[in-house]
Ligand code: ADP
Ligand code: MG
């Protein structure tokens, strides 16, 4: 009988391997980002089209590759990051199997452009389904750009398996966030189609968190740090009132690698016990540093699980770190934890000590009126005038104790936030009222804010609509009596032109005969009496801006709708509405100015008030 075993042709072997590494656009993005980081980049730009199905491009300013290495990088098991199997145990760089580029090139059309600083010319390689189509010199920037087009173009079955664009985009954003969080010292940007989704400047972790998750995280982050001989924990947890109903924003990194672990997640939530309602999940970004020989990361490349030698100790350290952090920032009374991480066991053995600890640990329950009031009107008031809870002297100086309320803003404000009153100041102390039905006066701990209600509301809505347009997230309310509008040919053409954007905002508009549209729904958050008037007004405003300013469609639409649907002068607001307005304004990316460049608020601080009276 003749031999029947044959080696698989490379291309097929690669395709099979690719199935492991590249499951979806986001997994390719992860590999490319990790390569950029490994290459020592300080700036990394990501361009995504059609949720990565059409294109994922990662451009870095890292060290680049020589011509030979560029070609080699597409071979399986080609890696510059590991030389012997002993290295496997001390791996700190991300990639280590040398499989990613080969796999990606097996199932997509890839173009690599790369140049090293020392060579004048770089290399361009085009490769499709593992076949090199082109290799030539290339003149361009130092660094590397890899673009991956038409993922699974040669494996239609896999392509059909990809999920809808929003789902794939969600995965992409997840991967992007994870890498961006673990390297806050690297600048990252993400463009979807041609729109900028993120632009993150290098900086501290707290800034990165705010850059990724929004301004309202400012002042909501509690630093968390614990050093033990076995493992170090560092990062931030969110204050209890910042907790979400969904699990999304929880991040563990082990030696800077994102991992998922429900066991360790439990360690965090158990530290929050009594502070959260059962369906709430705390925010956290925690980095564990641990000797690589105590963990097993030599698992599947796309898996995010990890094995620890001693899970229980890690659990205890994390729990203690989170409890200390909550205690140190007055979220709960704190205990003086020793670094002995087995304290749980010790307590169990010593019932009296345990009982005492439990007494001391009777948390201010979430449901007490005290806490409720605190969480709606500034949690720090909870402790005003009360005795300082006992705390570990070594952990904070007296000076920190008095300043702890604004620890986030204690950091030198960066240029962007300099104009914005610090969080503690924007947390209203309760008194808000209206002057002339035009200005909202909000009392702060250090004076007053005078807010122009219309300008401020326009800013809030503008940023909201812009976000909705970027993410196509607007929701609609259905019109009870859907009006038809005859627009005339030019307006009709205009509406057809901006139809996708209108949908993104929540307008359900459809063609309805010659030059006519039917409005079946309008954005859910606009209180509308007359849908036709809203739509026509929006168009008018849009055309006005279009002739006055050269704005792109989305910018213009967001502005127009904000103008059209904002609060106006003369509108009476109740105190709840005023509070919301103030809160939303300071959650804006740029709360200082309105759409026309006017100030949204001015601050009258105590020192100016004193100076009126010559004090
Ligand atoms: P691995 O990262 O596991 O080594 P990859 O297939 O991802 O495997 O990459 C293969 C090799 O190509 C890397 O070891 C590295 O030398 C080189 N490489 C890949 N991407 C870049 C990049 N962005 N900049 C510089 N070198 C890169
Ligand atoms: Mg790699």
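Does the range 538-550 include one or more residues that are buried (at least 18 other Cβ atoms within 10 Å of the Cβ), closer than 25 Å to residue 435 by Cβ and touching a residue at least 40 places away in the same chain (Cβ under 8 Å)?
No, the range 538-550 contains no residue that is buried (at least 18 other Cβ atoms within 10 Å of the Cβ), closer than 25 Å to residue 435 by Cβ and touching a residue at least 40 places away in the same chain (Cβ under 8 Å).
Need pairs with beta-carbon distance below 6 Å; first residue free of Cβ contacts under 8 Å to residues at least 40 places away in the same chain and within the range 511-522, second crowded, with 16+ Cβ neighbours inside 10 Å and part of a strand (DSSP E or B); sequence gap 6+ or separate chains.
From the range 511-522, the pairs are 517/485; 517/509.
Does residue 235 count as touching a residue at least 40 places away in the same chain (Cβ under 8 Å), in the same structural domain as residue 324 (by TED's automatic domain parsing) and in contact with a strand residue (DSSP E or B) (Cβ under 8 Å, 6 or more places away or on another chain)?
Spelling it out, residue 235 is indeed touching a residue at least 40 places away in the same chain (Cβ under 8 Å), in the same structural domain as residue 324 (by TED's automatic domain parsing) and in contact with a strand residue (DSSP E or B) (Cβ under 8 Å, 6 or more places away or on another chain).
Filtering the range 211-225 down to residues that are closer than 13 Å to residue 589 by Cβ and in contact with a helix residue (DSSP H, G or I) (Cβ under 9 Å, 6 or more places away or on another chain), which residue is surrounded by the fewest Cβ atoms within 10 Å (Cβ to Cβ)?
The selected residue is 216.
Within the range 23-40, track down each residue that is touching a residue at least 60 places away in the same chain (Cβ under 8 Å) and within 13 Å of ligand 2 (Cβ to nearest atom).
Those that are touching a residue at least 60 places away in the same chain (Cβ under 8 Å) and within 13 Å of ligand 2 (Cβ to nearest atom): 27, 28, 29, 30, 31, 32, 33, 34, 35, 36, 37, 39.
State whether the residues of the range 100-120 include one that is within 26 Å of residue 253 (Cβ to Cβ) and within 26 Å of the chain's Cα centre (by Cα).
The answer is yes, given that some residue of the range 100-120 is within 26 Å of residue 253 (Cβ to Cβ) and within 26 Å of the chain's Cα centre (by Cα).
Residue 3 versus (1) more than 16 Å from ligand 1 (Cβ to nearest atom); (2) at pLDDT below 95; (3) within 23 Å of residue 156 (Cα to Cα): which is the lone unmet condition?
(3)
In this structure, is residue 63 in the same structural domain as residue 35 (by TED's automatic domain parsing), modelled with pLDDT of 95 or more, away from ligand 2 (no atom under 12 Å from the Cβ) and assigned to a strand (DSSP E or B)?
No.
How about the range 95-140: which of its residues are within 15 Å of ligand 2 (Cβ to nearest atom) and in contact with a strand residue (DSSP E or B) (Cβ under 8 Å, 6 or more places away or on another chain)?
Residues satisfying the conditions are 101, 104, 105, 110, 112, 114.
Look at residue 48 and say whether it is in contact with a helix residue (DSSP H, G or I) (Cβ under 8 Å, 6 or more places away or on another chain), within 16 Å of ligand 2 (Cβ to nearest atom) and modelled with pLDDT of 95 or more.
So residue 48 fails the test.
Condition check ((1) within 7 Å of ligand 1 (Cβ to nearest atom); (2) in a loop (DSSP other than H, G, I, E, B); (3) at pLDDT below 65; (4) surrounded by fewer than 14 Cβ atoms within 10 Å (Cβ to Cβ)) across all residues:
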{"residue": "68", "(1), (2), (3), (4)": "no, no, no, yes"}
{"residue": "71", "(1), (2), (3), (4)": "no, no, no, no"}
{"residue": "74", "(1), (2), (3), (4)": "no, yes, no, no"}
{"residue": "78", "(1), (2), (3), (4)": "yes, yes, no, no"}
{"residue": "88", "(1), (2), (3), (4)": "no, no, yes, yes"}
{"residue": "96", "(1), (2), (3), (4)": "yes, yes, yes, no"}
{"residue": "111", "(1), (2), (3), (4)": "no, no, no, no"}
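If a residue must be over 29 Å from residue 212 (Cα atoms) and in a loop (DSSP other than H, G, I, E, B), how many such residues does the range 568-614 contain?
Adding up the residues that qualify gives 9.
For the range 394-489, list the helices (runs of 4 or more DSSP H) that sit wholly inside it and hold at least 2 residues that are outside the structural domain of residue 551 (by TED's automatic domain parsing), modelled with pLDDT of 85 or more and out of contact with any helix residue (DSSP H, G or I) (no Cβ under 6 Å at 6 or more places or on another chain); which are they?
Qualifying helices (runs of 4 or more DSSP H): none found.
Just for the range 500-513: of the residues that are surrounded by 15 or more Cβ atoms within 10 Å (Cβ to Cβ) and farther than 18 Å from residue 544 by Cα, which one is modelled with the lowest pLDDT?
512
Suppose we filter 206, 189 for residues that are touching a strand residue (DSSP E or B) at 6+ places or on another chain (Cβ under 6 Å), assigned to a helix (DSSP H, G or I) and buried (at least 18 other Cβ atoms within 10 Å of the Cβ); which single one remains?
Going through 206, 189 in turn, just one is touching a strand residue (DSSP E or B) at 6+ places or on another chain (Cβ under 6 Å), assigned to a helix (DSSP H, G or I) and buried (at least 18 other Cβ atoms within 10 Å of the Cβ): 206.
Looking at this structure, is residue 524 farther than 16 Å from residue 492 by Cα, assigned by TED's automatic domain parsing to the domain that holds residue 463 and crowded, with 18+ Cβ neighbours inside 10 Å?
no
Residue by residue through the range 432-464, note down the ones that are over 29 Å from the mean Cα position of the chain (by Cα) and under 12 Å from residue 599 (Cβ atoms).
439, 449, 450, 452
Against the definition (buried (at least 22 other Cβ atoms within 10 Å of the Cβ) and at pLDDT below 85), how does residue 21 come out, yes or no?
yes
The values are calculated or read from the model by the stated rules, or taken from the named source; none is laboratory data. Just so it is clear, the structure is predicted and the values come from calculations on it, not from any experiment. All Cβ positions, glycine included, derive from the backbone under ideal geometry; neighbour counts span all protein chains shown.
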